[in-house]
Amino acid sequence: GRTTSSGRIGVNNLDGKLPRGEVRHPDLSYDGEKLVFGFCDHEATEGEARAFFLYECDTDGSNVRQLTGTEDDPLTGWENRATVLPEDFDPCYLPDGGIAFISTRSQTFGRCHGSRYTPTYLAYRYDDDLGIRQLSFGEANEWDPSVLPNGRVVFTRWDYINRHDVRFQSLWT
């Protein structure tokens, strides 16, 4: 793994600091001092949904905190819809300290999915002081935000044009 002034970094440093679960898509902050990642608690009790939310910690595994899906997070969708399980994942630090991520918070569905449970994943932004804001408003799924050298956010998107939903991802900014 990579090292910083605080030592070896990695999600293994979280042992014993979170319940049993799954960590996905960790991203290193620009100063190399923090990690942000999606986490799903596998110890959720019956009646609670297992969902991914954003967490952040120092690179040594200390100061773990949940960013989204907390009691203060209203988890509201467009026009206050509540038809899908809100989930947040694929976080990416932004140069100004914010975090771009992908979420089902829009509470929308792709039109070609029929009766399958397939919510739309769209781009959002998290800031400690401003909360959560939606960045994109499409009907097609988006994934993997990253920052270009000029500071713009790039992500993949499947535009609904009657073609395979995995092999034909295009880049959007």
Report summary line: Of the residues in segment 62-77, those that are modelled with pLDDT of 90 or more and surrounded by 13 or more Cβ atoms within 10 Å (Cβ to Cβ) come to Val64, Gln66, Leu67, Thr68, Gly69
Report task. Might you check whether a residue that is open to solvent by less than 90 Å² (accessible area, probe 1.4 Å), at pLDDT below 85 and charged (D, E, K, R) occurs anywhere in segment 133-143? Result -> yes
Report summary line: Exactly one of Thr83, Thr156 is more than 19 Å from Leu35 (Cα to Cα) and touching a residue at least 24 places away in the same chain (Cβ under 8 Å), and that one is Thr83
Query raised in the report: Any residue at all in segment 50-57 that is in a loop (DSSP other than H, G, I, E, B) and either closer than 24 Å to Leu122 by Cβ or more than 11 Å from the chain's Cα centre (by Cα) (or both)?
Result: yes
Query raised in the report: Are any of the residues in segment 95-102 open to solvent by 80 Å² or more (accessible area, probe 1.4 Å), touching a Cys at 6+ places or on another chain (Cβ under 8 Å) and modelled with pLDDT of 95 or more?
Result: no
Query raised in the report: Which one is modelled with the highest pLDDT among residues in segment 153-162 that are in a loop (DSSP other than H, G, I, E, B) and either surrounded by 10 or more Cβ atoms within 10 Å (Cβ to Cβ) or of a type in the set (Val, Ile, Thr) (or both)?
Result: Trp158
Query raised in the report: Within segment 18-49, can you find the residues that are more than 18 Å from the chain's Cα centre (by Cα) and charged (D, E, K, R)?
Result: Arg20, Asp31, Glu33, Glu43, Glu46, Glu48
Query raised in the report: Can you tell me which residues in segment 57-80 are charged (D, E, K, R) and more than 25 Å from Pro119 (Cα to Cα)?
Result: Asp58, Asp60, Arg65
Query raised in the report: Can you name the number of the only condition in (1) hydrophobic (A, V, I, L, M, F, W, C); (2) part of a loop (DSSP other than H, G, I, E, B); (3) modelled with pLDDT of 80 or more that Cys112 fails?
Result: (3)
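The values are calculated or read from the model by the stated rules, or taken from the named source; none is laboratory data. From a predicted model like this one, the values you see are computed outputs, not experimental measurements. Every residue, glycine among them, receives a Cβ derived from its backbone with ideal geometry; neighbour counts consider all protein chains shown. Heavy atoms of the whole protein, side chains included, go into the accessibility calculation; ligands, DNA and RNA do not. Shrake-Rupley method; radii C 1.70, N 1.55, O 1.52, S 1.80 Å.
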